[in-house]
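Take a look at the structure below.
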Amino acid sequence: MSIHNEEWKLWYKQPASVWEEALPIGNGRLGGMVFGGTDVERIALNEDTLWAGFPRDTMNYEARRHLNRARALIFEGENVEAQKLIEAKMLGRDCEPYLPLGDLMMARVDSSGTRTNEAYSDYRRELTLKDGMAAVTFLSGQVQVKGEYFASVPDQVICIHYVSQEGQLNYDISLESPLRNNIEVINNKLVMTGRAPSHISDNYQGDHPASVLYEDNFGLPFEAQVWVDTDGLLRMGDGKLELREAGFVTVYLAAATGFVDFQTSPESREMSDRCTMQLSAAVELGYEKLKQNHSAEHQQLFNRVDLRLGSNEGVDGVNLPTDLRLSAYKETKNDPGLEALFFHYGRYLLMASSRPGTEPANLQGIWNAHVQPPWNSDYTVNINTEMNYWLAEVCNLSECHEPLFDMLDDLSVSGSRTAEIHYGCRGWTTNHNVDLWRMTTPTGGSACWAFWPLGGAWMVRHLWDRYLFDLDIQFLRERAYPIMKGAALFCLDWLVEGPDGQWVTNPSTSPENAFLTADGQSCSVTLASTMDIAIIRELFTNCQAAIRILDKDEAFDLELKKALEKLPNYQIGRFGQIQEWVEDYEEAEPGHRHISHLYGLHPSDQIHEGTPELFRAAAVTLERRLAHGGGHTGWSCAWLINQFARLKDASQAYSSVQTLLSKSTYSNLFDAHPPFQIDGNFGGTAGIAEMLLQSHLGYIELLPALPQAWKEGSVSGIKARGGFTIAMTWQQQQLDEAIVLSERGGKCTLSYAKSDLVITSEQGTLVDVVEGQFEATAGIKYIVRVK
């Protein structure tokens with residue numbers, strides 16, 4: 001088997017000129033975008049708790065007054081009037097945005113301090129995924145300059161290290177920020193302090209005279225500190241550090257904000273002390289030890305999984321800079337090595353933007369340069385936040401899932417007030433946008449997106465999925481089930497009896513989409529959208545399974561059972577498609593980017609080959625979406641990969657991989673909505689994994705959607721539900737060998753569509769298999785081959 005064997009690197013022959021060319025580094029809390037400039041180096045900085053706003057009450061205390069009237073209008077068929085009422089009386093204010101910290105600037109000067117603009121040659125800029133290191137090398141005249149960059153998880157600093165010939169490095173080092181700030185140089189240390197805006201309003205139309213609001217004593221304080229170690233001369237300049245005649249320079253950066261938690265007013269003293277402590281500890285360790293700590297920790301996670309796809313025969317992608325390699329792919333759609341690199345890049349980005357104790361990855365992961373970023377760079381929980389974490393378990397990065405669970409802990413508190421005040425329900429809920437302050441109320445704008453209180457009910461499936469992968473009963477009992485139950489309590493109370501006796505959600509929307517009423521008006525508000533009911537059905541079913549495992553809450557189990565019997569079934573429309581709404585409305589946008597009504601196919605497990613009529617209807621639904629231009633945004637295309645993989649349509653799944661890379665990927669391989677959104681990166685990685693392994697139906701299916709382009713390949717370290725780790729090799733599109741490691745022991749059921757399987761233990765003993773199932777022993781590897 002001749003599989004390509006390349007290092008997982010992005011590399012370029014010129015500095016980055018725009019954000020979409022820069023290279024990301026991050027430790028979950030601090031993020032940097034490395035431009036690799038030769039005259040002026042810019043590292044764009046982020047700190048994951050730096051958001052606008054402060055703890056405040058976002059409740060609309062009048063919303064519930066109008067709920068019954070809105071419901072009555074919908075039951076009477078006056079959907080447009082109901083939407084007008086909701087938008088006038090039942091919505092709220094927008095969430096706050098995620099903000100940039102600023103930029104670390106390193107301007108090259110001569111020994112007298114005059115800016116230089118020397119020609120450079122032999123330039124190379126790269127990001128090595130397996131090490132989590134960015135690097136740059138170039139010749140300035142006849143002098144070689146080398147730089148390395150990383151963001152350390154163990155030591156919580158960003159580190160930049162330049163080396164050259166003795167006496168050849170001259171830099172003015174400074175900090176800048178688009179936020180209000182003050183910069184001082186104190187004892188050879190560069191210190192930037194500031195306070196974020198207390199509120200930022202959207203200003204897409206340019207009609208707000210003061211959309212960025214600063215107020216004394218409101219808004220998050222922030223601080224960044226920079227220390228420079230060098231063999232050259234270091235002077236304190238006016239707001240900068242002046243480095244002269246050095247052979248090496250190491251720049252250490254620490255940053256923090258005054259964020260305490262979503263309910264507590266910010267503070268500044270502890271923030272400053274934390275910065276000083278982290279910076280001092282890093283400086284004491286020194287560059288080589290920091291690098292060693294960083295590499296060891298990074299590789300421990302990254303090296304768990306490997307993927308090789310195809311031979312790259314006739315493809316020179318490995319030897320091309322990444323931007324040219326991507327350009328070539330747009331023409332040929334042929335570079336399995338690039339597709340594998342994209343998979344690994346998704347894992348790298350999640351590692352860099354989501355670690356235990358940090359905030360979850362937002363719409364831009366952790367990397368944002370805008371004070372007013374697209375869609376506030378927030379947590380959009382009607383698909384995007386969830387998509388960020390689809391890869392976490394299957395791609396063996398369970399630790400990176402933790403920040404989402406921490407946010408769910410918070411939302412179960414803040415969302416309990418929204419459940420009661422807005423909707424008169426028990427439990428907790430969140431609508432479609434969440435920020436650092438754990439806003440769970442509807443935003444302003446259109447009910448099309450703003451009125452959708454099922455965000456919490458969707459996100460808790462990640463808790464259940466974590467349990468299914470790890471089978472940790474303590475996690476289920478203490479962490480997952482209480483939050484799942486709270487979301488289910490909300491849904492029980494949110495359901496109301498419809499005219500036909502079924503229990504429905506009312507008002508209901510299908511995220512961000514609209515239908516046409518009988519008189520041709522565009523409308524988003526109805527009852528019992530297919531996605532609403534699918535999410536609720538799944539949540540109730542998962543809660544029942546948890547109740548059986550934990551042997552508790554019998555009365556609650558009966559409540560769930562009664563409700564499940566009353567939920568509407570899926571409906572198939574006049575085109576043979578899964579209906580998106582309770583009625584077979586004319587679609588306002590048949591090629592809409594959201595595919596909400598196929599939630600039951602993916603990420604849920606309600607539609608599958610065991611439900612053949614719905615399975616066929618799901619395929620028709622996707623055909624119609626694509627025929628009308630669907631999948632035109634990066635994340636939407638990524639969702640298609642996962643959907644088609646579930647349909648076992650390898651050709652269409654792979655076509656979506658090709659489309660994602662060729663039409664929705666920037667030269668630094670960031671996903672393009674456009675503009676940049678990171679969910680397409682994460683969803684694309686998850687989709688490739690879904691093509692190779694599925695375990696959502698209670699058994700492990702090997703190579704369920706393997707395309708012709710990946711005739712040979714290998715993967716190792718990916719996870720299956722039930723506590724299993726899988727490695728596979730294949731040739732000529734046929735499974736060659738799989739290795740199954742059982743972490744917990746217990747029953748293991750394997751399926752491979754093309755052949756029956758023979759299973760032996762690692763000692764060579766033939767394993768007794770009945771209909772693909774055998775009893776696995778914890779810690780034992782099993783060798784799987786075709787008959």
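The values are calculated or read from the model by the stated rules, or taken from the named source; none is laboratory data. Model, not experiment: these values are computed from the prediction. Counting neighbours? That spans all protein chains shown, and the Cβs are built from the backbone with ideal geometry, glycine included. The protein model used for the area step is the full one, side chains on, heavy atoms only, and it has no ligands, DNA or RNA in it. Shrake-Rupley method; radii C 1.70, N 1.55, O 1.52, S 1.80 Å.
Provide a single number: the residues in region 518-540 that are surrounded by 17 or more Cβ atoms within 10 Å (Cβ to Cβ) and either without any contact (Cβ under 8 Å) to a residue 24 or more places away in the chain or part of a loop (DSSP other than H, G, I, E, B) (or both). Steps first, please.
Our first condition is that a residue be surrounded by 17 or more Cβ atoms within 10 Å (Cβ to Cβ); within region 518-540, this holds for 523-540.
So of that shortlist, the ones also either without any contact (Cβ under 8 Å) to a residue 24 or more places away in the chain or part of a loop (DSSP other than H, G, I, E, B) (or both) come out as 524-525, 527-529.
Within region 518-540, residues that are surrounded by 17 or more Cβ atoms within 10 Å (Cβ to Cβ) and either without any contact (Cβ under 8 Å) to a residue 24 or more places away in the chain or part of a loop (DSSP other than H, G, I, E, B) (or both) number 5.
Here is a list of conditions, (1) touching an Asp or Glu at 6+ places or on another chain (Cβ under 6 Å); (2) of a type in the set (V, I, T); (3) within 26 Å of A72 (Cβ to Cβ), and V525 meets all of them except one; can you say which number that is?
(1)
I'd like to verify a number: residues in region 239-261 that are open to solvent by 10 Å² or more (accessible area, probe 1.4 Å) and free of Cβ contacts under 8 Å to residues at least 40 places away in the same chain, how many?
Residues flagged as open to solvent by 10 Å² or more (accessible area, probe 1.4 Å) and free of Cβ contacts under 8 Å to residues at least 40 places away in the same chain within region 239-261 amount to 1.
So which residues in region 762-784 are under 34 Å from the mean Cα position of the chain (by Cα) and either of a type in the set (A, V, I, L, M, F, W, C) or open to solvent by less than 30 Å² (accessible area, probe 1.4 Å) (or both)?
Matches in region 762-784: A776, A778, I780, Y782, I783, V784.
So if I check each of S265, S280, which one is at pLDDT 95 or above and hydroxyl-bearing (S, T, Y)? Lay out the reasoning, then the answer.
Details: S265 fails: at pLDDT 95 or above.
Testing whether each residue is at pLDDT 95 or above and hydroxyl-bearing (S, T, Y) leaves just S280.
List pairs: first residue in region 54-69 and at pLDDT 95 or above and surrounded by 11 or more Cβ atoms within 10 Å (Cβ to Cβ), second residue of a type in the set (K, R) and part of a loop (DSSP other than H, G, I, E, B) anywhere in the structure, Cβ distance under 8 angstrom, at least six positions apart or on different chains.
If the second residue must be of a type in the set (K, R) and part of a loop (DSSP other than H, G, I, E, B), the pairs left are T58/R93.
Quick check: is even one residue across region 140-151 open to solvent by 20 Å² or more (accessible area, probe 1.4 Å) and among the hydroxyl-bearing types (S, T, Y)? Steps first, please.
First pass over region 140-151, keeping only residues open to solvent by 20 Å² or more (accessible area, probe 1.4 Å): 141-144, 146, 148.
Checking the rest, the ones that are also among the hydroxyl-bearing types (S, T, Y) come to none.
So far as region 140-151 goes, no, none of its residues is open to solvent by 20 Å² or more (accessible area, probe 1.4 Å) and among the hydroxyl-bearing types (S, T, Y).
Within region 541-592, track down each residue that is open to solvent by less than 60 Å² (accessible area, probe 1.4 Å), touching a residue at least 60 places away in the same chain (Cβ under 8 Å), over 22 Å from P499 (Cβ atoms) and not in a helix (DSSP H, G or I).
Result: D553, E587, A588, H592.
Which numbered condition trips up E223, out of (1) farther than 30 Å from W437 by Cβ; (2) charged (D, E, K, R); (3) open to solvent by less than 30 Å² (accessible area, probe 1.4 Å)?
All conditions pass for E223, except number (1).
So, W503, is that one in contact with a strand residue (DSSP E or B) (Cβ under 6 Å, 6 or more places away or on another chain), open to solvent by 20 Å² or more (accessible area, probe 1.4 Å) and modelled with pLDDT of 95 or more or not? Talk me through it step by step, then tell me what you get.
Working: in contact with a strand residue (DSSP E or B) (Cβ under 6 Å, 6 or more places away or on another chain): yes; open to solvent by 20 Å² or more (accessible area, probe 1.4 Å): yes; modelled with pLDDT of 95 or more: yes.
Yes; evaluated as a whole, the condition is true for this residue.
With the checklist (1) within 22 Å of L350 (Cβ to Cβ); (2) open to solvent by 10 Å² or more (accessible area, probe 1.4 Å); (3) touching a residue at least 40 places away in the same chain (Cβ under 8 Å); (4) part of a helix (DSSP H, G or I) in hand, flag the one item N396 doesn't pass.
Single failed check for N396: (4).
When the residues of region 680-700 are filtered to those that are closer than 15 Å to H608 by Cβ and of a type in the set (A, V, I, L, M), which remaining residue is surrounded by the most Cβ atoms within 10 Å (Cβ to Cβ)? Quick ask: steps written out before the conclusion?
Initial filter on region 680-700 (closer than 15 Å to H608 by Cβ): 690, 694-700.
Narrowing further to those that are of a type in the set (A, V, I, L, M): 697, 700.
Details: L697: 15, I700: 23.
Looking at the filtered set, the residue picked out is I700.
Taking only region 675-709 into account, find how many residues are in a loop (DSSP other than H, G, I, E, B) and either among the β-branched types (V, I, T) or out of contact with any Asp or Glu (no Cβ under 9 Å at 6 or more places or on another chain) (or both). Break it down into steps so the answer makes sense when it comes.
Restricting attention to region 675-709, the residues satisfying the condition of being in a loop (DSSP other than H, G, I, E, B) are 675, 677-678, 695-699, 703-707.
Now restrict to residues that are either among the β-branched types (V, I, T) or out of contact with any Asp or Glu (no Cβ under 9 Å at 6 or more places or on another chain) (or both): 678, 699, 703, 706-707.
The total comes to 5.
Could you give me the residue pairs with C-beta distances under 7 Å whose first residue belongs to region 22-39 and is under 14 Å from P100 (Cβ atoms), whose second residue is modelled with pLDDT under 95 and surrounded by fewer than 24 Cβ atoms within 10 Å (Cβ to Cβ) wherever it lies, and which are 6+ apart or on separate chains?
Correct list of pairs: M33/W19.
Residues to consider are W51, W11; find the one that is surrounded by fewer than 20 Cβ atoms within 10 Å (Cβ to Cβ) and aromatic (F, W, Y). Can you show your working first?
Values: W51 fails: surrounded by fewer than 20 Cβ atoms within 10 Å (Cβ to Cβ).
Result of the check over W51, W11: W11.
Just to be sure before I move on: is H597 more than 14 Å from A653 (Cβ to Cβ) and either open to solvent by less than 10 Å² (accessible area, probe 1.4 Å) or within 27 Å of the chain's Cα centre (by Cα) (or both) in the structure I sent? Walk me through how you get there before you give the answer.
Details: more than 14 Å from A653 (Cβ to Cβ): yes; either open to solvent by less than 10 Å² (accessible area, probe 1.4 Å) or within 27 Å of the chain's Cα centre (by Cα) (or both): yes.
Yes.
Filter region 91-101 down to residues that are in contact with a Pro (Cβ under 7 Å, 6 or more places away or on another chain) and either surrounded by fewer than 18 Cβ atoms within 10 Å (Cβ to Cβ) or not hydroxyl-bearing (S, T, Y) (or both) and give me whichever is farthest from D48 (Cα to Cα).
The first filter runs over region 91-101 and keeps only residues in contact with a Pro (Cβ under 7 Å, 6 or more places away or on another chain), leaving 91-92, 97-98, 100.
With either surrounded by fewer than 18 Cβ atoms within 10 Å (Cβ to Cβ) or not hydroxyl-bearing (S, T, Y) (or both) added as a condition, the list becomes 91-92, 97, 100.
Values: L91: 28, G92: 25, P97: 11, P100: 9 Å.
The extreme case among them is L91.
Can you give me the number of residues within region 257-307 that are aliphatic (A, V, I, L, M), in contact with a Phe, Trp or Tyr (Cβ under 7 Å, 6 or more places away or on another chain) and within 16 Å of C159 (Cα to Cα)?
3
Criterion first (open to solvent by 60 Å² or more (accessible area, probe 1.4 Å), closer than 30 Å to I366 by Cα, touching a residue at least 12 places away in the same chain (Cβ under 8 Å) and in a strand (DSSP E or B)) does R108 satisfy it?
No, not satisfied.
Does at least one position in region 434-443 carry a residue that is open to solvent by 10 Å² or more (accessible area, probe 1.4 Å), part of a helix (DSSP H, G or I) and either farther than 14 Å from P482 by Cα or not aliphatic (A, V, I, L, M) (or both)?
no
Which residue is surrounded by the fewest Cβ atoms within 10 Å (Cβ to Cβ), if the candidates are limited to region 112-134 and must be part of a strand (DSSP E or B) and small (G, A, S)? It would help to see each step written out before you state the result.
Keep residues of region 112-134 that are part of a strand (DSSP E or B), which gives 115, 120-128, 133-134.
Pick out the ones that are also small (G, A, S) and you get 121, 134.
Numbers: S121: 10, A134: 25.
It comes out as S121.
Return the residues of region 415-432 that are open to solvent by 20 Å² or more (accessible area, probe 1.4 Å) and either in contact (Cβ under 8 Å) with a residue 60 or more places away in the chain or assigned to a loop (DSSP other than H, G, I, E, B) (or both); say none if nothing qualifies. I'd like the intermediate steps shown before the answer.
As a first pass, look at region 415-432 and keep what is open to solvent by 20 Å² or more (accessible area, probe 1.4 Å): 416-417, 420-421, 424, 426-427.
Within region 415-432, S416, R417, I421, G424, R426, G427 meet the criteria.
Of (1) in contact (Cβ under 8 Å) with a residue 60 or more places away in the chain; (2) part of a helix (DSSP H, G or I), Q292 satisfies all except one. Which?
Of everything listed in (1) in contact (Cβ under 8 Å) with a residue 60 or more places away in the chain; (2) part of a helix (DSSP H, G or I), Q292 misses just condition (1).
Regarding E166, is this residue more than 34 Å from the chain's Cα centre (by Cα) and acidic (D, E)? First the steps, then the outcome.
Numbers: more than 34 Å from the chain's Cα centre (by Cα): yes; acidic (D, E): yes.
Judged against the criteria, E166 is a match.
Tell me which residues, restricted to region 486-500, are outside any strand (DSSP E or B) and either in contact with a Phe, Trp or Tyr (Cβ under 6 Å, 6 or more places away or on another chain) or surrounded by 22 or more Cβ atoms within 10 Å (Cβ to Cβ) (or both). Let's see the steps before the verdict.
Applying the first criterion (outside any strand (DSSP E or B)) to region 486-500 yields 486-494, 498-500.
Answer for region 486-500, where residues must be outside any strand (DSSP E or B) and either in contact with a Phe, Trp or Tyr (Cβ under 6 Å, 6 or more places away or on another chain) or surrounded by 22 or more Cβ atoms within 10 Å (Cβ to Cβ) (or both): G486, A487, A488, F490, C491, W494.
Check A528 against each of (1) within 30 Å of the chain's Cα centre (by Cα); (2) farther than 17 Å from W452 by Cβ and name the one condition it does not meet.
In the conditions (1) within 30 Å of the chain's Cα centre (by Cα); (2) farther than 17 Å from W452 by Cβ, A528 misses (2) alone.
Among the residues of region 153-164, are any in a strand (DSSP E or B) and in contact with a helix residue (DSSP H, G or I) (Cβ under 7 Å, 6 or more places away or on another chain)?
Looking only at region 153-164, we keep the residues that are in a strand (DSSP E or B), and these are 158-163.
From what is left, the residues that are in contact with a helix residue (DSSP H, G or I) (Cβ under 7 Å, 6 or more places away or on another chain) are 159, 161.
Yes, region 153-164 contains a residue that is in a strand (DSSP E or B) and in contact with a helix residue (DSSP H, G or I) (Cβ under 7 Å, 6 or more places away or on another chain).
Inspect region 752-761 for any residue being open to solvent by less than 10 Å² (accessible area, probe 1.4 Å) and farther than 20 Å from L471 by Cα and give the result as yes or no.
Within region 752-761, the subset open to solvent by less than 10 Å² (accessible area, probe 1.4 Å) is 759.
From what's left, farther than 20 Å from L471 by Cα: 759.
Yes: one or more hits.
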